[in-house]
2 protein chains.
Amino acid sequence: MAAAHERYDAVIVGAGPFGLLLSTCLARWGYKIKHIDNRPEPTPTGRADGIQPRSLDLLRNMGLKRAIMAHDPAKVYEVAFWDPSKDGIYRTGTWASCPRFIDARYPFTTLLHQGLIERVFIDDMEKNGAKVQRPWTITGFKNDGWDSTYPVEVNLERLDGGVTETVRAKYLFDGEGARSFVRTQLKIPIHHKDPIAHVWGVMDGVVRTDFPDIKMKCTIHSDAGSIMVIPRENNMVRLYIQIASSTDPNWDPRKTATVEEVQTAAKKILKPYYISWDRVEWYSVYPIGQGIAERYTLDERVFMGGDVCHTHSPKAGQGMNTAFLDAQNLAWKIHAVESGFAERSILKSYESERKAIAENLLNFDAAYAKLFSQRLPSAGEVKTANADSPTEENQFVKTFKASCEFTSGYGVAYNENIFNWSPSHPARSDLFLSEAQGTTNLRTGRILSNANVTRVADANVVHLEQEIPLNGSFRIYVFGGKPSLNMQAINDFASNLTKPGSFYTAYLYKDLEAISYHEKHNPHSAFFTLATILNARRSDIEPEKLLPHVLARYRTHIYADDIWDANLPEAKAAAHAKMGFNQDRGAVVIVRPDGYVGCVVRLVEGSGSIDALNEYFGSFVAKQLGRSARKTVGFEERAML
Amino acid sequence: MAAAHERYDAVIVGAGPFGLLLSTCLARWGYKIKHIDNRPEPTPTGRADGIQPRSLDLLRNMGLKRAIMAHDPAKVYEVAFWDPSKDGIYRTGTWASCPRFIDARYPFTTLLHQGLIERVFIDDMEKNGAKVQRPWTITGFKNDGWDSTYPVEVNLERLDGGVTETVRAKYLFDGEGARSFVRTQLKIPIHHKDPIAHVWGVMDGVVRTDFPDIKMKCTIHSDAGSIMVIPRENNMVRLYIQIASSTDPNWDPRKTATVEEVQTAAKKILKPYYISWDRVEWYSVYPIGQGIAERYTLDERVFMGGDVCHTHSPKAGQGMNTAFLDAQNLAWKIHAVESGFAERSILKSYESERKAIAENLLNFDAAYAKLFSQRLPSAGEVKTANADSPTEENQFVKTFKASCEFTSGYGVAYNENIFNWSPSHPARSDLFLSEAQGTTNLRTGRILSNANVTRVADANVVHLEQEIPLNGSFRIYVFGGKPSLNMQAINDFASNLTKPGSFYTAYLYKDLEAISYHEKHNPHSAFFTLATILNARRSDIEPEKLLPHVLARYRTHIYADDIWDANLPEAKAAAHAKMGFNQDRGAVVIVRPDGYVGCVVRLVEGSGSIDALNEYFGSFVAKQLGRSARKTVGFEERAML
């Protein structure tokens, strides 16, 4: 009987940020998905709405940024702080929400109604033949292993018709939100870092006011209470107001307030400024406790992410962003395993990487809130925190900077593991470079630094870090140095790369000739994209003549490092210099499919660079590298156009 | 009988670039339009496709750039020149298609299929209730004055059904293209600047080649003939090949060539590189003579624009761009007259401004082509032309620079007239500044220089020149200098601006109270938008406290001039400095609704600045300024929130 159940690669429960980003990736990569949500339609209004700078990088890398920006979201560049004064409130200071030292490509928070963001993903899913079935819910599941390929049985029920369905899946992904059925069934507890719980009122609307920062993000403390202001699209503004706290003497987690009560409170808080409402679009009251699930998966078959695993105060604006990055982290690892590239054991790194991030986020939030409640920053401190090279850093400035890095999404630093090289990694070559030793500016487990370069094929000035889309491939950036000095190293890199037994050759397409001449990112292998960056003028680079074929074949991934950078005015090859590489000799950077730096190796003559990378990839890929089990036809010998 | 004819503000014939941009503007501004085209559907393939940098500014100013970019057009940053060598062809050099000295916001040409561009306009028209009726043609028209408000009778016929219709209109706009019925009926001759005519073959397709510049714009001369390469969206490339020239001994304007003949020719020309076609999307052969119509209108009721008035060699890529700018120039002038703002006589300036541009374009094209045919540029010349501050300029460099300015669209310089102030303008105040006298860097009749500033309301870093959309209003930029030194001048400007009889007060809304609190661009008048730029930090500007109400009311048009400019590293207020203004004292810039500078006046204490502007506007507005015919209620006295 069970044999009759429909089989899916993945069942995804919940069409919030976690479920949708995961589904979008898996649908693009050809997986068979069943995606359900218990709401009859996407979020109509309200809910989370802040896209942090790092998340915007990710959306662009998925080709979805333009669809988001088409809605003309509000952009927050600065945050203003207001405090009580004898006449009401006054501004103690403003500062950049993503200061320059973070070096973000998009140094602002993008604010847009969550429903519009969800629709961007849903539209993309539909282009790839996937859809969200509504209103369906999950009623049961078990990893019974009855079918070793599809070990998970999932029971589903249609909410508006009582229809039920049982399916089998390779994976069950749970993005139901804070009140997760799956997490409850698995009896996974939530741990609260901060014992304080809050009740918040949230109101979206169109207002009239002479408060000068109404289009800014503001934190306002007054003798009449506190409020947070967030601008939104369509001339709207969101107000967050704290209605109750577990620190209150008469704390009641069910305490509520009407729209009129919140408006009256806001009017008092904002004095001497006036405020009135043309209309209120949405209003809600909800309790929030900041907590983290003890586990994100028990068996690497049933995975949870987003609000199922961690809940945040709205102040930090992290809910949706953390959910996005959970999903991105999981998507490529599932793909690496299911496509035969990596060992199944890598799936353990989803929990270890993402749970540490959530814990750090909550720790920072707590530390930051505590610091703020103790004292107010002086104008000098604010200025220092915004400067590129602060001269002195006290505890407040340090915490503020760390907080900015975290809230912008750039503070995400995955710890050392099999993907994120460190001296304790099984790959031991002494050609690995590291930030700790000062041999590169790149940090493993951190996103690749942005850089402007000239694409040789069409002379377009491009953002190097965005040139390879999120498609499940590892990104191999060959910073080639100066061709006139370094061609031997480049040629040796290419010839060793293409030798039998290398990580690259091991994962060549079986039928290379079937690949389109016009394939840009994956002409040789679904698992790698090569990009070459040279310290030369664009017009001096003729790829087919200058470079070995394996590099030249990536016709639109060859770049001239010839764009002047105001931060590195002396550099001839600013991208090389920014990464901390010798501008003549370059280096090779391996970037994970999600854009985080995996390892950096010296580019040397001989086989050393590839030997090091064979060690690195050999530590997690499914095939054995370094020797050819049987005589394979050499890569360069196979006809490739 | 005639009384029964439907009446329209405008009949527009032809839905190419001229007709569509005109229609889009007029539909947005509330005019009743009848727009016909004789094709059953928009351009399906082929045709013009190059959007020049200046046109992209315009599309952004209309809010249409994002819809264009959503199609992922090709972008041309550089042009490559190839010449014969003994082994085939070699690259003599490449250079920027829009070099840095032009200071374009978007220094590239955008290449996209004309049909996709047309659909962006059609979609926008439909949002405003207008549409293109197809396939309809014009069969007759006369400006018979029978109805003084709707003096033009137009006869139309449906091509696929034989239905006819006669309508009356205030204006007939003709954008039929080179074979214009209207121009023929009016017996307006075309003058050919260049007596040489050509037959061109044009082929769009997807190719395979090892020619390294296939994704660049290239001009290739070889012993086997000449070809021009233009990259396109969707991995396509366009090849232009000259099939015949009137300079040929056996010149035949009906000479043609097959796809295979052009491909064979291209293969020969590109040697030693190979080329083959995966598919050909479009192929056409057409004769081109560069010419200009003697008149653009005879009566300021029947107007022509675009290819009706001027035809260009495809080499220059000017056809669509010149049509756009024709339409923009005409649209706001029609609006100014029909809405009662300006005297009808201003309509004469459409022909005088736009015809001079077309003539200049063809003259430059001829001069440039001649220079090129004489000799090839040396590498040093190319380098000089691309440098920011050329050390020496020979004739080639001068012509190349002028040519770049023209082809980018920034060379458009309207001559002095009633809109473009010069010492011979009727407004004689000695407070006018001029580039000729070195008192400003802005040139009247030229587009406003771009500048980055911080919007005070939300701390967004914005492009000042784009902040006011194309909506028919004159743009008044008050560069206020340093508030701590200059408040008296700012306050005097505001109080004189709002006095009875001023150009501003004369065109206030009759019912100011009916205007929405949330109106951003036109809270006081449909004809003016005020923007204030201050030499101060954003956080030091609280508009309602600092500025007079008439300026503060433009809540989202107050800017801090606090963004560092790498080209003006010493400037405290880089936008002030870039315009050539004293950073403490500022100045006032009047920009025409199409973005071109009208006049620049000193910002002084007392009434002088407004007196000068009253003179300026008084020379073309419909109402008499400078005195109040009857006692009107002063502007500041009327309640406005």
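Restricting attention to the stretch A:543-558, which residues are within 14 Å of chain B (Cβ to nearest Cβ) and touching a strand residue (DSSP E or B) at 6+ places or on another chain (Cβ under 9 Å)? Result: A:P543, A:L546, A:L547, A:A552, A:R553, A:Y554, A:T556, A:H557, A:I558.
The strands (runs of 3 or more DSSP E) falling completely within the stretch A:32-110 that include 2 or more residues that are within 14 Å of chain B (Cβ to nearest Cβ) map to A:74-76, A:78-85, A:88-96.
Checked against (1) over 27 Å from the mean Cα position of the chain (by Cα); (2) modelled with pLDDT of 95 or more, A:Y477 meets all criteria but (1). Under the condition of being of a type in the set (A, V, I, L, M), in contact with a strand residue (DSSP E or B) (Cβ under 6 Å, 6 or more places away or on another chain) and not in a strand (DSSP E or B), the residues counted in the stretch A:215-242 number 2. Right, B:E467: in the same structural domain as B:M579 (by TED's automatic domain parsing) and modelled with pLDDT of 95 or more or not? Yes, satisfied. Condition check for A:P500 on (1) within 14 Å of chain B (Cβ to nearest Cβ); (2) part of a loop (DSSP other than H, G, I, E, B); (3) surrounded by fewer than 23 Cβ atoms within 10 Å (Cβ to Cβ): one failure, at (1). When you check A:A257 against the structure, is it over 15 Å from A:E281 (Cβ atoms), in a helix (DSSP H, G or I) and in contact (Cβ under 8 Å) with a residue 12 or more places away in the chain, yes or no? No: the conditions fail for A:A257.
Conditions tested, residue by residue: (1) free of Cβ contacts under 8 Å to residues at least 40 places away in the same chain; (2) within 14 Å of chain A (Cβ to nearest Cβ); (3) buried (at least 19 other Cβ atoms within 10 Å of the Cβ).
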| residue | (1), (2), (3) |
| --- | --- |
| B:D194 | no, no, no |
| B:V199 | no, no, yes |
| B:V202 | no, no, yes |
| B:F211 | no, yes, yes |
| B:D223 | no, no, no |
| B:I230 | no, yes, yes |
| B:M236 | no, yes, yes |
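Of A:A379, A:A402, A:A413, A:A387, all but one fail to be of a type in the set (A, V, I, L, M), over 29 Å from the mean Cα position of the chain (by Cα), on the phi < 0 side of the Ramachandran plot and at pLDDT below 90; the exception is A:A379.
For A:V206, state whether it is within 14 Å of another protein chain (Cβ to nearest Cβ) and either surrounded by fewer than 17 Cβ atoms within 10 Å (Cβ to Cβ) or more than 26 Å from A:K333 (Cβ to Cβ) (or both). Step through it out loud before you land on a result.
Details: within 14 Å of another protein chain (Cβ to nearest Cβ): yes; either surrounded by fewer than 17 Cβ atoms within 10 Å (Cβ to Cβ) or more than 26 Å from A:K333 (Cβ to Cβ) (or both): yes.
Yes: the conditions hold for A:V206.
Taken together, B:Y274, B:Y286 contain a single residue that is surrounded by fewer than 17 Cβ atoms within 10 Å (Cβ to Cβ) and within 34 Å of the chain's Cα centre (by Cα), which is B:Y286. Flag: A:A494 does not match the condition of being away from chain B (no Cβ under 14 Å), among the hydrophobic types (A, V, I, L, M, F, W, C) and closer than 28 Å to A:G63 by Cβ. Regarding the stretch B:111-122, can at least one residue be identified that is within 14 Å of chain A (Cβ to nearest Cβ), under 18 Å from the mean Cα position of the chain (by Cα), buried (at least 18 other Cβ atoms within 10 Å of the Cβ) and touching a residue at least 24 places away in the same chain (Cβ under 8 Å)? So far as the stretch B:111-122 goes, yes, one or more of its residues are within 14 Å of chain A (Cβ to nearest Cβ), under 18 Å from the mean Cα position of the chain (by Cα), buried (at least 18 other Cβ atoms within 10 Å of the Cβ) and touching a residue at least 24 places away in the same chain (Cβ under 8 Å). Taken over the stretch A:1-36, the residue count meeting the criterion of being surrounded by fewer than 24 Cβ atoms within 10 Å (Cβ to Cβ) and under 12 Å from A:E118 (Cα atoms) is 0.
Is there a residue being in contact with a helix residue (DSSP H, G or I) (Cβ under 7 Å, 6 or more places away or on another chain), closer than 24 Å to B:L330 by Cα and surrounded by fewer than 21 Cβ atoms within 10 Å (Cβ to Cβ) anywhere in the stretch B:153-164? Spell out the reasoning first.
So the first thing to find is which residues in the stretch B:153-164 are in contact with a helix residue (DSSP H, G or I) (Cβ under 7 Å, 6 or more places away or on another chain), and the list is none.
Looking through the stretch B:153-164, none of the residues is in contact with a helix residue (DSSP H, G or I) (Cβ under 7 Å, 6 or more places away or on another chain), closer than 24 Å to B:L330 by Cα and surrounded by fewer than 21 Cβ atoms within 10 Å (Cβ to Cβ).
I'm trying to understand the selection: among the residues of the stretch B:424-437, which are surrounded by fewer than 13 Cβ atoms within 10 Å (Cβ to Cβ) and either hydrophobic (A, V, I, L, M, F, W, C) or free of Cβ contacts under 8 Å to residues at least 12 places away in the same chain (or both)? Spell out the reasoning first.
First, the residues of the stretch B:424-437 that are surrounded by fewer than 13 Cβ atoms within 10 Å (Cβ to Cβ): B:424, B:426, B:428, B:430, B:436-437.
B:S424, B:D430, B:A436, B:Q437, listed by residue number.
Of the helices (runs of 4 or more DSSP H) lying entirely inside the stretch B:510-580, those containing at least 1 residues that are under 29 Å from A:T92 (Cβ atoms) and without any contact (Cβ under 8 Å) to a residue 24 or more places away in the chain are B:543-546, B:549-552. Just to check your reading of the model, which residue among B:K215, B:K267, B:K255 is more than 14 Å from every other protein chain (Cβ to nearest Cβ) and closer than 24 Å to A:E519 by Cα? None of the others qualify; the one that does is B:K267. Of the residues making up the stretch B:455-474, those that are surrounded by fewer than 23 Cβ atoms within 10 Å (Cβ to Cβ), over 23 Å from the mean Cα position of the chain (by Cα) and either under 22 Å from B:R585 (Cα atoms) or free of Cβ contacts under 8 Å to residues at least 60 places away in the same chain (or both) are B:R455, B:N460. Taken together, the criteria place B:G501 among residues that are in the same structural domain as B:H524 (by TED's automatic domain parsing) and on the phi > 0 side of the Ramachandran plot. Among the conditions (1) more than 24 Å from A:D326 (Cβ to Cβ); (2) more than 14 Å from every other protein chain (Cβ to nearest Cβ); (3) among the hydroxyl-bearing types (S, T, Y), the only one that A:S449 does not satisfy is (1).
Based on this model, can you work out whether A:K572 counts as out of contact with any Cys (no Cβ under 7 Å at 6 or more places or on another chain) and either under 16 Å from A:S484 (Cα atoms) or crowded, with 24+ Cβ neighbours inside 10 Å (or both)? Give the steps one after another, and end with the answer.
Values: out of contact with any Cys (no Cβ under 7 Å at 6 or more places or on another chain): yes; either under 16 Å from A:S484 (Cα atoms) or crowded, with 24+ Cβ neighbours inside 10 Å (or both): yes.
When the stated conditions are applied, A:K572 passes them.
In the set (1) more than 14 Å from chain B (Cβ to nearest Cβ); (2) farther than 23 Å from A:T454 by Cα; (3) more than 30 Å from the chain's Cα centre (by Cα), the condition left unmet by A:S516 is number (1).
Checking each residue in the stretch A:113-159 for being among the charged types (D, E, K, R) and in a loop (DSSP other than H, G, I, E, B) picks out A:K131, A:R134, A:D144, A:D147.
Within the stretch A:592-624, can you find the residues that are under 14 Å from A:N441 (Cα atoms) and not aromatic (F, W, Y)?
We begin by selecting, within the stretch A:592-624, every residue under 14 Å from A:N441 (Cα atoms); these are A:596-602.
Correct list: A:V597, A:G598, A:C599, A:V600, A:V601, A:R602.
Taken over the stretch B:581-621, the residue count meeting the criterion of being more than 21 Å from B:L470 (Cβ to Cβ) and in a loop (DSSP other than H, G, I, E, B) is 13.
Answer with yes or no whether B:V262 is within 30 Å of A:R455 (Cβ to Cβ), of a type in the set (V, I, T) and part of a strand (DSSP E or B).
On the way: within 30 Å of A:R455 (Cβ to Cβ): yes; of a type in the set (V, I, T): yes; part of a strand (DSSP E or B): no.
Against the criterion (within 30 Å of A:R455 (Cβ to Cβ), of a type in the set (V, I, T) and part of a strand (DSSP E or B)), B:V262 does not qualify.
The values are calculated or read from the model by the stated rules, or taken from the named source; none is laboratory data. Bear in mind that the values here come from a model prediction, so they are computed numbers and not experimental data. As a convention, Cβ positions derive from the backbone with ideal geometry for all residues, glycine included, and neighbour counts pool all protein chains shown.
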